[in-house]
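Enquirer: First the structure, then my questions, so here it is.
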Amino acid sequence: MWRIQTPPRPDPRLIGLAVRATLYALPTATPQRIIVTQIVVVTATPTSTPAPTFTPTPTFTAPPTRPSLPAAAPTSVAAQPASVETPVETTTVTPAGAAAEEQQVAVGEAISATKCPAVSAQQFAVIPVSGGGLAHPAELHADLNLAVRGYQPVAAANALFDFDGPVDSDPPQLAGVLAPGEAPHFGQTFQVYDWDWQCAPHGCRAQPLLEPEVSLIALAAAPDARVSIPLRHQPIYADGFKALVLYAEATRITLGYTREDGVTGGYVVHIENFCVDPALLALYTAHAAAGRTELPAVRDDESIGVAALGDILVAVRDRGAFLDPRSRRNWWQGQ
């Protein structure tokens, strides 16, 4: 009964045949041939973009702080003397245009050598300095050497004004610089640069002073006109001395109306672009090198040089602050 009920075992040969039939029945991958008929090479070509163009706008650059750089000499009332700075840089303190500066210095020295007297028969005296003192060498001092500070032309009225406010009873009269009693003939107006005393060992140039509107002005001068100090009644020392020479170069001078060696004690006048008397310059140079305990002093009737370079430039200060030189009530009384 067991044999009858048990199914018969499959024949191994049949099993092998079935396996082979199954395997061989799978489809075989048909190889494909790809024929390349054309190759296209695409090369990316950069598009040329034209460089942007800029229209240069003339500006007055900030000059390097070269202490001996003379201001450009104007040739007439309408002439605009170049700013002493010719180069720098704007608000940066790094001097720029060194080559141009050297060329300008050479031109200024050549002008002085050909137009300024080499000798003088005048005699000047020195007086003792009282108070003050310099924290920087005079030739690098922005309060004494106006070339260090620099200035730029400004479009402003070149005429006298009656400014409001109090007036000193005895301010220095700028009319005395050239021809006392005559109305001034103004030329170009300028703004002097402010000074930052903290940015470098001797400070550095800042933005132009906006107050007052004008801080330096050109005065028309006849060729070889005699240049004197601004007139003032109050003397600073016996024998009628009115002004102390705080700084002098061949074409500029700084006058103080006190005996203080500095600009904070009272009135100070800068006169630029004229030939300083050689005897006065030599006396200042010697006593400045000897320690500045004594400096040259000048009386009203003494000539301090000649206007051989064109218009002269004048700035006036009170206790360090620059004031507008066009004020009739202050510096041109009676004009």
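We did not get these values from a lab; they are worked out from the coordinates using the rules stated. Nothing here was measured: the structure is a model prediction, and the numbers come from that model. Using ideal geometry, Cβ is built from the backbone for each residue, glycine included, and neighbour counts are taken over all protein chains shown.
Enquirer: Among the DSSP beta bridges whose two residues both lie in the range 107-229, what percent are antiparallel, rounded to the nearest 5?
Expert: Values: 10 of 10 bridges.
So the antiparallel bridges amount to about 100 percent of the total.
Enquirer: What FRET efficiency, computed as 1/(1 + (r/R0)^6) with R0 = 30 Å and r the Cβ-Cβ distance, is obtained for residue 196 and residue 290, rounded to the nearest 0.05? Intermediate results must be reported in sequence, preceding the final value.
Expert: On the way: r = 31 Å, r/R0 = 1.04.
Computed FRET efficiency for residue 196 and residue 290: 0.45.
Enquirer: Something else now. Listing 205, 317 from the residue with the fewest other Cβ atoms within 10 Å to the one with the most, what is the order? It would help to have the intermediate numbers written out before the result.
Expert: Details: 205 27, 317 20.
With the sparsest Cβ surroundings first, the list reads 317, 205.
Enquirer: Here's a follow-up. Could the peptides 206-219, 289-302 be put in order, highest first, of the mean number of other beta-carbon atoms found within 10 Å of their residues?
Expert: Working: 206-219: 19.4, 289-302: 16.4.
Ranking the peptides 206-219, 289-302 by packing returns 206-219, 289-302.
Enquirer: Sort out for me the Cα centre separation of the range 205-262 from the range 112-152, rounded to whole Å.
Expert: Going from one Cα centre to the other spans 10 Å.
Enquirer: Taking each pair of different alpha-carbon atoms in the range 98-331 once, compute 1/r for the pair, average those values, and report the inverse of that mean as the Kirkwood hydrodynamic radius in Å to one decimal. Intermediate results must be reported in sequence, preceding the final value.
Expert: On the way: mean 1/r = 0.0556 Å⁻¹.
Here the Kirkwood hydrodynamic radius works out to 18.0 Å.
Enquirer: What is the gain in length, in nm to one decimal, between residue 226 and residue 159 on full extension, counting 0.36 nm per residue of separation less the C-alpha to C-alpha distance?
Expert: Numbers: separation 67, 0.36 × 67 = 24.12 nm, distance 2.27 nm.
Once the chain is fully extended between residue 226 and residue 159, it gains 21.8 nm.
Enquirer: Assuming R0 = 41 Å, what is the FRET efficiency of residue 118 and residue 185, from their Cβ-Cβ distance, to the nearest 0.05?
Expert: Values: r = 29 Å, r/R0 = 0.71.
The computed FRET efficiency comes out at 0.90.
Enquirer: Compare the Cα positions of 267, 127, 180 along the charge dipole of the range 98-331 (+1 at Cβ of Lys, Arg; -1 at Cβ of Asp, Glu; about the Cα centre) and return the one farthest towards the positive end.
Expert: Checked the options; the winner is 127.
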